[in-house]
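Let me begin by presenting the structure, written as structure tokens, before commenting on it.
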Amino acid sequence: MKVGLKIYTTDKPIQLEERSFADYIEVYHVPGSSADWLKNYDFEYIIHAPHAGHGVNLASKALQKSSLDAVNQALRAADILNAKLVVLHAGSTKSKPGQADMETLNQSLSQIDDPRIIIENLPYRAGFEHFFPYDYATAKEISSRFGGRICLDFSHLMVSSVALNRNPKELIAELLKLDVRLFHISDGRTGSSEDLHLPLFEGNFDLEYFKSIIEKSECKRVTLETPIVAAIQKKEYEWMKK
């Protein structure tokens, strides 16, 4: 199993250097920033394209132009760092995605068709801004442009299972039918609609089960999406590698 850690392009070099034990680094590309400094380090890199936290929404007509520009910046960063995977959040609406949202999303995706892109499942939170894809049907539809390649985020799935009133193990089994190229793992609270991204063992998720899924997968590549505290992440890394 390869276990990676997440770094932002706006982080300081020391934050990367403290994580020299990682098997790879997943780099979140902040729009307008540079990934050039990361070339000075001998890491395998994965790129995470910017998401709603930086105003990116490929399903929004109003944000389409700026969102496409931000994603293209991330793709250029992948070129610079020779990254073979680029994780992408599809988008969100204030309600369930309708025809106009999907048309905008498909227009956006048609302009960034790239073999490195993998679509991440996102949290469905009833009554809040609605992110997608959030289940097998939506993930299959959106990822079909990219050969069904996805990133399976366990925390996002746990949130979606609450709103959908679904057994999370069933949702995981369904998503595993797609071409999983990467896993994201963190802890959280079962039954919560909040995507908490807690350190491992500070919540009550069935982490042993998540780990077993990764070990059985052909992918066997997982990024720790836990708070960036090097000493704690070292212990999390060591547990994942056991």
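Only the coordinates and a few stated rules stand behind these numbers; no lab work does. Just so we're clear, the structure is a prediction, and the values are computed from it rather than from any experiment. Cβ atoms come from the backbone with ideal geometry, glycine included; neighbour counts cover every protein chain shown.
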key: Residue that is nearest to F146 (Cα to Cα) [pool: residues in region 161-208 that are β-branched (V, I, T) and surrounded by 16 or more Cβ atoms within 10 Å (Cβ to Cβ)]   = V180
remark   = The correct count of residues that are assigned to a loop (DSSP other than H, G, I, E, B) and touching a Gly at 6+ places or on another chain (Cβ under 7 Å) in region 163-192 is 3
request  = Go through region 40-70 and give me each residue that's more than 15 Å from the chain's Cα centre (by Cα), small (G, A, S) and assigned to a helix (DSSP H, G or I).
outcome  = S66, S67, A70
Conditions (1) surrounded by fewer than 19 Cβ atoms within 10 Å (Cβ to Cβ); (2) out of contact with any helix residue (DSSP H, G or I) (no Cβ under 6 Å at 6 or more places or on another chain); (3) outside any helix (DSSP H, G or I); number of the one not met by V27 = (1)
remark   = All conditions in (1) surrounded by fewer than 16 Cβ atoms within 10 Å (Cβ to Cβ); (2) over 30 Å from P13 (Cβ atoms) are true of K211 except (1)
request  = Take region 166-208 and flag every residue that is more than 27 Å from K84 (Cα to Cα) and aromatic (F, W, Y).
outcome  = F201, F205
Among (1) touching a residue at least 40 places away in the same chain (Cβ under 8 Å); (2) part of a helix (DSSP H, G or I); (3) within 25 Å of I232 (Cβ to Cβ), the one test that Q73 misses = (3)
